[in-house]
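The values are calculated or read from the model by the stated rules, or taken from the named source; none is laboratory data. Keep in mind the model is a prediction, meaning the values are calculated, not measured. Cβ: placed from backbone, ideal geometry, glycine included. Neighbour counts: every protein chain shown.
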Amino acid sequence: MANGAALACVQVLALKYAETLKDPIAAVARVYAAAGLSFDAATEEMMRAHLAASPQHKEGRPSYSLEKFGLDAAMVDAKFKAYNEAFL
């Protein structure tokens, strides 16, 4: 990756979207821990209330496609090749 050396001094938390869907509370707790913040019971309670009141796709499921934005899979794969090799 061209900027790999620059990233060496930056703290990075790799968190997959699937992890946030599977266990959003644990995922946010990891973010808090990485940032050096306390994830207390009050914060967890607020998160649980928000999740209960706002389930995924509550307002409907969005429709996205690469073509809608003038892209195709080969273009996206080429642009993100270095990132994917480094982090996936």
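The C-beta contact set for segment 32-51 (first residue loosely packed, with under 12 Cβ neighbours inside 10 Å, second residue among the hydrophobic types (A, V, I, L, M, F, W, C), distance under 9 angstrom, 6+ apart or interchain) comprises Ala35/Leu13; Leu37/Val31. When Ala74, Ala82 are screened for being within 26 Å of Leu13 (Cβ to Cβ) and not polar (S, T, N, Q), only Ala82 passes.
Return yes when Ala33 is at pLDDT below 95 and of a type outside the set (D, E, K, R) and no when it is not. Here the answer is yes, as Ala33 does meet what is asked.
Hey, can you tell me all the residues within segment 39-60 that are assigned to a loop (DSSP other than H, G, I, E, B), modelled with pLDDT of 95 or more and more than 20 Å from the chain's Cα centre (by Cα)? First the steps, then the outcome.
Going residue by residue through segment 39-60, those that are assigned to a loop (DSSP other than H, G, I, E, B) are 39-40, 54-60.
Filter again for modelled with pLDDT of 95 or more, leaving 39-40.
Result: Asp40, single match.
Under the condition of being at pLDDT below 60 and surrounded by 10 or more Cβ atoms within 10 Å (Cβ to Cβ), the residues counted in segment 4-20 number 1.
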